[in-house]
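The values are calculated or read from the model by the stated rules, or taken from the named source; none is laboratory data. Please read all numbers here as calculations on a predicted model, not as lab measurements. Ideal geometry is used to build each Cβ from the backbone, glycine not excepted, and the neighbour counts take in all protein chains shown. In case anyone asks, the SASA skips ligands and DNA or RNA and just uses the protein heavy atoms, side chains included. Shrake-Rupley method; radii C 1.70, N 1.55, O 1.52, S 1.80 Å.
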Amino acid sequence: MQLSISNIIKQACPSYIAGVICAQVKNSLHDESLWKEIEHETALLQEKYPLNAINKRENISATREAYKILGKDPNRYRPSAEALCRRLIKGLGLYQISTLVDLINMVSIRTGYSIGGFDADKIVGQLSLGVGTENELFHAIGRGVLNIEGLPVYRDESGPIGTPTSDEERTKLSLDTTRILIIINGYSGNKEDVENAITLTADLLSRYACAQDIEIDYFGAI
């Protein structure tokens, strides 16, 4: 799968790197071993970061800066990794969704990357990364209609499917998902860090989702 990046993103975020992984997978409702890993990662996060330091993590801070450059308030529309980490620091716990969603959350907790997770079979044609426009309809997973004007947004040939704040209902992961597409949003431009996050993601997919035919690629400032 190819990913084209619009000129406005290239100009506003010249260091942007997307790490992309696609694989055949088997989803499940819950994996106890994965959940224990998540609990351990949560404890490490809580030990290392006070609440007011979460938005200063390199990858979270870089995503917030991209929002500001594009004209979006990152305090009102928090990147998903920031919102997730803040929730855990506050002791509110993590929702159990499914193994695929849970392992993506695991990577976000450890790395601070906001990560898009999509059912690849629901994607229509090729993907592009641009900026949300006024009144562009976007049904965010679990939160209703989201104003994506000014947000970085992935689109397929049928419309928007994801932002660093939330993904879209149309292409969301489910227990029936057999082919996953994951995009790691590397606004800090640290290619080695993106590669490490991709390696971690591939390992978790292999161990907890029986991943096969794993394909990896990178786009942007590489």
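Determine which member of the set A12, A62 is of a type in the set (G, A, S), open to solvent by less than 60 Å² (accessible area, probe 1.4 Å) and more than 28 Å from I214 (Cβ to Cβ). Write out each step before concluding.
Numbers: A62 fails: more than 28 Å from I214 (Cβ to Cβ).
Of the residues listed, the single one that is of a type in the set (G, A, S), open to solvent by less than 60 Å² (accessible area, probe 1.4 Å) and more than 28 Å from I214 (Cβ to Cβ) is A12.
S33 falls short on exactly one of the conditions (1) open to solvent by less than 70 Å² (accessible area, probe 1.4 Å); (2) within 28 Å of V153 (Cβ to Cβ), and that condition is (2). Take P164 and tell me if it is within 14 Å of P79 (Cβ to Cβ) and in contact (Cβ under 8 Å) with a residue 12 or more places away in the chain. In short, yes.
Taking the conditions (1) open to solvent by 10 Å² or more (accessible area, probe 1.4 Å); (2) β-branched (V, I, T); (3) part of a helix (DSSP H, G or I) in turn, V20 satisfies each one other than (3).
Of the listed requirements (1) touching a residue at least 60 places away in the same chain (Cβ under 8 Å); (2) open to solvent by 30 Å² or more (accessible area, probe 1.4 Å); (3) over 20 Å from C85 (Cα atoms), G130 misses just one: (2).
Can you find a residue in the stretch 74-90 that is free of Cβ contacts under 8 Å to residues at least 12 places away in the same chain, open to solvent by 40 Å² or more (accessible area, probe 1.4 Å), more than 27 Å from A120 (Cβ to Cβ) and not in a helix (DSSP H, G or I)? Checked the stretch 74-90: at least one residue is free of Cβ contacts under 8 Å to residues at least 12 places away in the same chain, open to solvent by 40 Å² or more (accessible area, probe 1.4 Å), more than 27 Å from A120 (Cβ to Cβ) and not in a helix (DSSP H, G or I).
A quick yes/no check of all residues on (1) charged (D, E, K, R); (2) touching a Cys at 6+ places or on another chain (Cβ under 9 Å); (3) open to solvent by 10 Å² or more (accessible area, probe 1.4 Å); (4) modelled with pLDDT of 95 or more:
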| site | (1), (2), (3), (4) |
| --- | --- |
| F118 | no, no, no, yes |
| K122 | yes, no, yes, yes |
| E136 | yes, no, yes, yes |
| V145 | no, no, yes, yes |
| S158 | no, no, yes, yes |
| P164 | no, no, no, yes |
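Restricting N185, N196 to residues that are within 24 Å of L45 (Cβ to Cβ), outside any helix (DSSP H, G or I) and among the polar types (S, T, N, Q) narrows the list to N185.
Looking only at residues that are among the aliphatic types (A, V, I, L, M) and open to solvent by 70 Å² or more (accessible area, probe 1.4 Å) in the stretch 91-116, which one is nearest to S4 (Cα to Cα)?
Here the residue is I97.
Scanning the stretch 140-155 for residues that are within 16 Å of the chain's Cα centre (by Cα) and part of a strand (DSSP E or B) yields A140, P152, V153, Y154, R155.
The residue of the stretch 172-222 that is farthest from L151 (Cα to Cα), among those that are open to solvent by less than 70 Å² (accessible area, probe 1.4 Å) and free of Cβ contacts under 8 Å to residues at least 12 places away in the same chain, is S206. Taking the criterion of being under 30 Å from Q11 (Cα atoms), surrounded by fewer than 18 Cβ atoms within 10 Å (Cβ to Cβ) and either in contact (Cβ under 8 Å) with a residue 24 or more places away in the chain or of a type in the set (V, I, T) (or both), the only residue of the stretch 39-59 that qualifies is E58.
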